[in-house]
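The values are calculated or read from the model by the stated rules, or taken from the named source; none is laboratory data. What you are looking at is a predicted structure, and each value in this text was computed from that prediction instead of being measured. Please note: Cβ atoms are built from the backbone with ideal geometry, for glycine as well, and neighbour counts cover all protein chains shown. All accessible areas refer to the heavy atoms of the entire protein, side chains included, with ligands and DNA or RNA removed. Shrake-Rupley method; radii C 1.70, N 1.55, O 1.52, S 1.80 Å.
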Amino acid sequence: MGVFLVGLAVLGVTWGWILILFPKPIARFARRVQGEFWGGQFTPELTRFAGCGFVLGGVIAAATLVAEFLRR
């Protein structure tokens, strides 16, 4: 379970920071892939918001890992 939580924490924080730091290219790519209507839903603000969610999820996974080690 510990390796899974470490991987989840690293992946979540890394992908979240990528979404937060580079929202415009990712939103532009989504518009190109999804088409004009559905791709228009992916704004840079929404991309940043999703990135914050990934960072928060990674932090929660890391805190769960620390709590697991402290409980032993």
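Observations on the structure shown:
- Option label - mean projected area of the Cα convex hull in nm² computed here, alternatives [x] 7.8; [y] 5.0; [z] 6.3: [y]
- Helical runs assigned H by DSSP (4 residues or longer) give the chain a calculated mean residue ellipticity at 222 nm of -29500 deg cm²/dmol, each run adding -39500 (n - 2.57) before division by the residue total.
- Helices of the chain meeting both criteria, an alpha-carbon length of 15 angstrom or more along the long axis and an average Kyte-Doolittle score not below 0.0, with helices taken as full DSSP H segments, are 2-21, 44-71.
- Looking at the chain, the accessible area is 75 square angstrom per residue; that uses a 1.4 Å probe and ignores ligands, DNA and RNA.
- Ranked by the mean number of other Cβ atoms within 10 Å of their residues, highest first, the peptides 31-37, 21-27 fall in the order 21-27, 31-37.
- Carbon + sulfur, % of accessible area of the chain - ligands and nucleic acids excluded, 1.4 Å: 75 percent
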